1. Which three semi-axes in whole Å describe the equivalent ellipsoid of segment 41-163, each the square root of 5 times a Cα gyration tensor eigenvalue, listed largest first?
2. Jot down the radius of gyration and Dmax of segment 31-87, Cα atoms only, both in angstrom.
3. Out of all DSSP beta bridges in the chain, what portion is antiparallel? Express it as a percent rounded to 5.
4. Which peptide among 60-68, 207-215, 88-96 comes first, and what is the full order, when sorted by highest mean count of other Cβ atoms within 10 Å?
5. Compute the semi-axes of the equivalent ellipsoid of segment 123-235, taking the square root of 5 times each eigenvalue of the Cα gyration tensor, and list them largest first in whole Å.
6. How much length would be gained if the chain were fully extended between residue 213 and residue 262, taking 0.36 nm per residue of separation minus their Cα-Cα distance, in nm to one decimal?
7. Viscosity 1.002 mPa s, temperature 20 °C: Stokes-Einstein D of segment 11-264 from its Kirkwood Cα radius, in µm² per second?
């Protein structure tokens, strides 16, 4: 009797460190396939932490200098960011003035306009990048367990479809560095909110696995989904981790995931 063939999972990809004064990591497969796209995440860096958290207890001048270094290093004069609330509201961006656009109450950003760098802040939550290569439309989502339960992934897919006629089967999805399923212990109420069978006591949950399941249920082919090999909690000192900080290790801060369309790139390179 032939042994059953195990079901394939999403591609596992290790982000690679980019040269330059901004500590940044990118998805190498996407860099090769989509040269018109800028996608990745910042890291803690060496020496003074490269914290991009826009909170009241941070020296404003220092943090804004880091934001300027990020935009300048990636070649973007306009950056979009928001105060995140662990929900499913998304903001669509088109052209505008150079600088850092700050909004309130959004957990995702969408654009098809070259020159706009979408950004989200994370320190264990999952940064989700959605790319429609044919239409060159993209979305970047902040997905903690509350946002996943609220439907932030589905909101991203639906917004791209409604705004740019993107079909789920054409989407490419990458789940960037986040806390892994071994490190993220939560209570039964979190399992219940995510539509999983709740255990009798706190247990680890794999947010990436939940997102992969939701993406494929929405019509995204599994072959077009990838997930990081990096864990922000146990994967070393590359990234900030809220759970690591609570355990008394690591440094306080937030990295920023980024996604944008380069200006003046040849159309025939689209994935």
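1. 24, 18, 13
2. When restricted to Cα atoms, segment 31-87 yields Rg and Dmax of 13.4, 40 Å.
3. Close to 65 percent.
4. Values: 60-68: 13.1, 207-215: 20.8, 88-96: 16.3.
The peptides rank, most packed first, as 207-215, 88-96, 60-68.
5. Numbers: eigenvalues 133, 45, 24 Å².
Rounded to whole Å, the semi-axes are 26, 15, 11.
6. Extra length available between residue 213 and residue 262 comes to 14.6 nm.
7. Result for D is 118 µm²/s.
Every read-out reported here was derived from the displayed coordinates using simple, explicitly stated rules and does not represent laboratory data. Note that the structure is predicted; figures quoted are calculated from it, not measured. FYI the Cβ positions are ideal-geometry reconstructions off the backbone, even for glycines, and counts take in every protein chain you see.
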